[in-house]
Ligand SMILES: Nc1nc2c(ncn2[C@@H]2O[C@H](COP(=O)(O)OP(=O)(O)OP(=O)(O)O)[C@@H](O)[C@H]2O)c(=O)[nH]1
């Protein structure tokens, strides 16, 4: 599926930049050069290296309340300046060829004043000018960020869900344990988000970019196309992605000195296999994808629709393996709406299962965020008279 990538705020811009980096690394052409990043801060694009400068749009900077730091975490100011500069934002969209893509993905940190506030206005604008599906990738804040971040994120999530066709979530808090910055970073600005951003991007790109690989010289037997992804996501709400990889090639594992006839004990062989993965192995791989750290932790049996993509050498997946994985997913998720397809990568030494869980409804993390947001709002209401404007 070809997707125009629109980054809003620091998090959104950085993640989109990482997506372009990954396009180069993997040969998956997801956006075909249809990319834009928007921000309100003066230093917004300092660490952007792959998005061309003509695709970097700073807005809101003449508003008296916007300083070098942009809207400074205030989503209402983010909404105000985006609405004031709406003509400029619309002009920027001229750089995107909507006929060249199957949909759009707006990426934003939901706790940011620019990402969460202006991001919602940009979604509204995109829905008004484009008849393709408009998806969002929304980043949820970590639990140790201040209460106002939880409030902004829960409000923004509500707006995004209302406006976008589907919101894929990436939970920084769930993934923070996978990176080692918590002990050293003194402030949010010091946190090295690169690894988190690469993780978010790799999940999104294997789910959406399954048929966009330059290495895909072989016709897929059961190819995923844009309409499969659109159908999976058309139920709206929030979605999550899981992924697992199986090593197919043991030549670099340090065991090549062993004679090939020697059967390896399972603790040495791990999950690696030499030849085609049989039905049980494919099923195990898909199970690992579901049990893996999801981009948004959730109860998998609360999903409406599922898409599973198997990426690897065509010889690695037997038809039986494919069908048994699909059947297992139907049982596990309690839905018959499971679409499955393969992405042939003939030279790949791995087989990857990517599972897109669309419209998940049992998400304790979001319940907790909303509860914290409610408490923070009550505290704000008690100390301040009057209601702030917001999009929904
Ligand atoms: N995964 C990821 N999360 C980030 C990154 N930068 C910030 N965040 C998270 O996103 C939230 C929003 O931060 P920013 O993106 O910096 O905010 P912004 O949208 O630029 O908004 P303002 O700073 O208010 O103008 C933060 O609270 C963090 O939770 C990033 O590069 N990657």
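The values are calculated or read from the model by the stated rules, or taken from the named source; none is laboratory data. Here the structure is a predicted model, which means the values were calculated and not measured. Cβ: placed from backbone, ideal geometry, glycine included. Neighbour counts: every protein chain shown.
A single entry from 242, 209 fulfils the requirement of being at pLDDT below 95 and under 17 Å from the mean Cα position of the chain (by Cα): 209.
Confirm whether residue 162 is away from the ligand (no atom under 12 Å from the Cβ) and either outside any helix (DSSP H, G or I) or at pLDDT 95 or above (or both). So residue 162 passes the test.
Could you tell me whether any residue of segment 259-278 is modelled with pLDDT of 80 or more and either exposed (fewer than 13 other Cβ atoms within 10 Å of the Cβ) or farther than 26 Å from residue 201 by Cβ (or both)? For segment 259-278, residues modelled with pLDDT of 80 or more and either exposed (fewer than 13 other Cβ atoms within 10 Å of the Cβ) or farther than 26 Å from residue 201 by Cβ (or both): absent. Just checking: which of the helices (runs of 4 or more DSSP H) contained wholly in segment 1-118 hold 3 or more residues that are more than 12 Å from the ligand (Cβ to nearest atom) and surrounded by 24 or more Cβ atoms within 10 Å (Cβ to Cβ)? Qualifying helices (runs of 4 or more DSSP H): none found. If you go through segment 1-55 and keep only what is touching a residue at least 60 places away in the same chain (Cβ under 8 Å), over 17 Å from the mean Cα position of the chain (by Cα) and on the phi > 0 side of the Ramachandran plot, you end up with 27, 32. Taken over segment 331-347, the criterion of being in a loop (DSSP other than H, G, I, E, B) and surrounded by fewer than 18 Cβ atoms within 10 Å (Cβ to Cβ) is satisfied by 334, 336, 337, 346, 347. In this entry, residue 341 is excluded by the filter for residues that are in contact (Cβ under 8 Å) with a residue 12 or more places away in the chain and farther than 21 Å from residue 208 by Cα. Restricting segment 119-148 to residues that are in a helix (DSSP H, G or I) and in contact with a strand residue (DSSP E or B) (Cβ under 9 Å, 6 or more places away or on another chain), the residue that is nearest to the ligand (Cβ to nearest atom) is 119.
For residues that are in contact with a strand residue (DSSP E or B) (Cβ under 7 Å, 6 or more places away or on another chain) and within 25 Å of residue 232 (Cα to Cα), tally how many sit in segment 27-47. The qualifying residues number 6. Tell me, which residue of segment 359-380 that is touching a helix residue (DSSP H, G or I) at 6+ places or on another chain (Cβ under 7 Å) and part of a loop (DSSP other than H, G, I, E, B) is surrounded by the most Cβ atoms within 10 Å (Cβ to Cβ)? That would be 360.
Could you say whether any residue in segment 185-192 is at pLDDT below 95, over 19 Å from the mean Cα position of the chain (by Cα), surrounded by fewer than 18 Cβ atoms within 10 Å (Cβ to Cβ) and away from the ligand (no atom under 12 Å from the Cβ)? Yes.
Remark: pairs (first residue in segment 107-119, over 7 Å from residue 12 (Cβ atoms) and in the same structural domain as residue 36 (by TED's automatic domain parsing); second residue within 6 Å of the ligand (Cβ to nearest atom) and in a helix (DSSP H, G or I); Cβ separation under 6 Å; 6+ apart in sequence or on different chains) = 111/149; 112/9; 114/9.
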